[in-house]
1. Write out, first by first residue and then by second, each pair whose Cβ atoms fall under 6 Å of each other, whose residues are 6+ apart or on separate chains, and whose first residue, in segment 430-457, is assigned by TED's automatic domain parsing to the domain that holds Arg272 and surrounded by fewer than 24 Cβ atoms within 10 Å (Cβ to Cβ) while the second is among the polar types (S, T, N, Q) and part of a loop (DSSP other than H, G, I, E, B).
2. Cβ-Cβ distance below 7 Å, separation of 6 or more or different chains: which pairs start in segment 148-161 with a residue that is touching a residue at least 40 places away in the same chain (Cβ under 8 Å) and end on one that is of a type in the set (Phe, Trp, Tyr)?
3. Among (1) without any contact (Cβ under 8 Å) to a residue 40 or more places away in the chain; (2) of a type in the set (Val, Ile, Thr); (3) in contact with a His (Cβ under 8 Å, 6 or more places away or on another chain), where does Thr78 come up short?
4. Which count do you get for residues in segment 43-55 that are surrounded by fewer than 24 Cβ atoms within 10 Å (Cβ to Cβ) and of a type outside the set (Lys, Arg)?
5. Can you pull out every residue in segment 258-270 that is more than 17 Å from Glu365 (Cβ to Cβ), in contact (Cβ under 8 Å) with a residue 40 or more places away in the chain, buried (at least 17 other Cβ atoms within 10 Å of the Cβ) and in contact with a helix residue (DSSP H, G or I) (Cβ under 6 Å, 6 or more places away or on another chain)?
6. For Ala253, indicate whether it is in contact (Cβ under 8 Å) with a residue 40 or more places away in the chain and not assigned by TED's automatic domain parsing to the domain that holds Asn324.
7. Just need a number here: residues in segment 487-516 that are at pLDDT 95 or above and touching a Gly at 6+ places or on another chain (Cβ under 7 Å).
8. So is Asp337 over 16 Å from Val240 (Cα atoms), at pLDDT 95 or above, assigned by TED's automatic domain parsing to the domain that holds Asp309 and over 23 Å from the mean Cα position of the chain (by Cα) or not?
Amino acid sequence: MNGGDNIAQVLRAHGVEFLFTLCGGHISPILKGAKDIGIRVIDVRHEATAVFAADAVARLTGIPGVAAVTAGPGVTNTITAVKNAQLAQSPVVLLGGAAATVLAGRGALQDIDQMALFEPHVKWAHAAKRVRDLAPALRQAFQTAKAGVPGPVFVECPVDLLYDEAVIREWYAASTPRGNALTDRVVRAYLNRQARRIFAGSDAPVDDSVAAVKALSPSPGVVARAARRIAKAERPLLVVGSQALVDSRRADAVAAAVESIGIPVYLSGMARGLMGAAHPLHRRHQRRNALREADLVLLAGVPSDFRLDYGRHVRRSACLISANRSRIDLKRNRRPDIAALADAGLFLLALADQLDARSGGNWVEWRALLLARDTEREAEIDDSAARSGGFINPVGLCRCLDAELPDNSVIVADGGDFVGTASYIVKPRKPLGWLDPGVFGTLGCGAGFALGASLCRPDHDVWILFGDGAVGYALAEFDTFVRHRIPVIAVVGNDASWAQIAREQVKMLDDDVGTVLARSNYHEVAAALGGQGVLLQYPEQTAACLQEARAAASEGVPVLVNAWLDQTDFREGSLSM
């Protein structure tokens, strides 16, 4: 076994089924080792896609997703996706190739200080120095990625630790001067010593044991205090975020706990879909007003960042309860009255056990008020959807998309204005049915997220909702979808604009500079790469085009629907800072 085989053995032991990559000579033994041991190797067209795909796998399975990329530009291409995973608290393991240990710092091909690049953006970064270091480093990487606040980790794997010893000694010999000068003899001695050092102990059995990682359970006293305050509240509100579903296996149990608690609930991030498409406790609209009127707010895995106006959406007189794995996020911008440093999902499970199910009887009027507001807002959306223009009304298209979604579906969101509109209208059908980048707001995640989701949920329809700005990052990955038979359905909201930016920029600066796009033929690009392209220009075509797309995907063909949109003011004033 070589170093690549050792890595593959540890990956398999940790439950890894897919390894995402863009090939490179520095990492070839890892890819070969993974393939030989039964791990499916998925090669993509940009390294960021590999990390985004690993991120999606982590979110949907709870097992850290893994990507392997080559040295230098291979690893630098991943940094945005790695940072996105860090801010989304997603456990990703990135394996980076590196120049040979004997050539580090000497100007070798693609040799840069990769550790300095990654250390600020990952939970843990480690550069292996010997073959026998690889397996322990990888085991530590998996444990660190999952423990506490989950996040990405980076393991640097120099190329001379990955190939067979005989091959490396041959490479070293080719670099060895043959003269008898003192400097020649010193170089030969150094290379021989280095070969002995990096391969020392490499024939020992690989320790591929898996360390248990326990989530932090909430203090019973804190749970009891929270339960008492909730029972006395007249207008309580619950906001559940992605962190409550870090352990995806608990999704159904967390949903049952929320139902048992009985508080009206708003869902964000990966928690979208937690209560299904139409649960009576789930509210979708007017969240800001509800937060300002609530006399108690429980944030489950949700920080008081810009999405809650840095905590100002919750009035000062209200009781604020927060459960979070992160000590920093727990008190960010607004110190809660009751703080639970714990896994938010476990906190909700414990709280449900504490609360008397009959407490919900005190909140009938509060629930009715929030329901009435939702109903009113839905009527306004229906009015917006009915408006006609030259092409497709984006609100109406989102209504049609929502009607077309099957129960077994995953929605991937990658874009600004069109995706923002869809977030009000398109309803995930079940827990873990929505994937968006998270707090970093990264464009370009869609192809990778959809790739990971389709592999993890092969019995589900995977829909990507793209803005026409965001799809520019993803078109080349239709080649990946075709080669690996990933039957995604991409719907591009094509309004020939970076509309979310343009709307406010033109109003404030009276200039659309940098925000104008073309009505590009994105569907033809998808078809040219082996997929199917569908052009949707007029409302009466919508149902037929979406059904055509689903039919093609059911045959294993990836599809792109290029929907020409009208401009709307549906999201006026939506720019966030």
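1. none
2. Here the result reads Val153/Trp124; Phe154/Phe118, each pair linking segment 148-161 to a residue that is of a type in the set (Phe, Trp, Tyr).
3. Every condition holds for Thr78 apart from (3).
4. Residues in segment 43-55 being surrounded by fewer than 24 Cβ atoms within 10 Å (Cβ to Cβ) and of a type outside the set (Lys, Arg): 2 in total.
5. Answer for segment 258-270, where residues must be more than 17 Å from Glu365 (Cβ to Cβ), in contact (Cβ under 8 Å) with a residue 40 or more places away in the chain, buried (at least 17 other Cβ atoms within 10 Å of the Cβ) and in contact with a helix residue (DSSP H, G or I) (Cβ under 6 Å, 6 or more places away or on another chain): Ile261, Gly269, Met270.
6. The answer is no for Ala253.
7. 2
8. For Asp337, the condition - over 16 Å from Val240 (Cα atoms), at pLDDT 95 or above, assigned by TED's automatic domain parsing to the domain that holds Asp309 and over 23 Å from the mean Cα position of the chain (by Cα) - is met.
The values are calculated or read from the model by the stated rules, or taken from the named source; none is laboratory data. Not measured: the values here are computed from a predicted model. Note: ideal-geometry Cβ built from the backbone for every residue, glycine included; neighbour counts use all protein chains shown.
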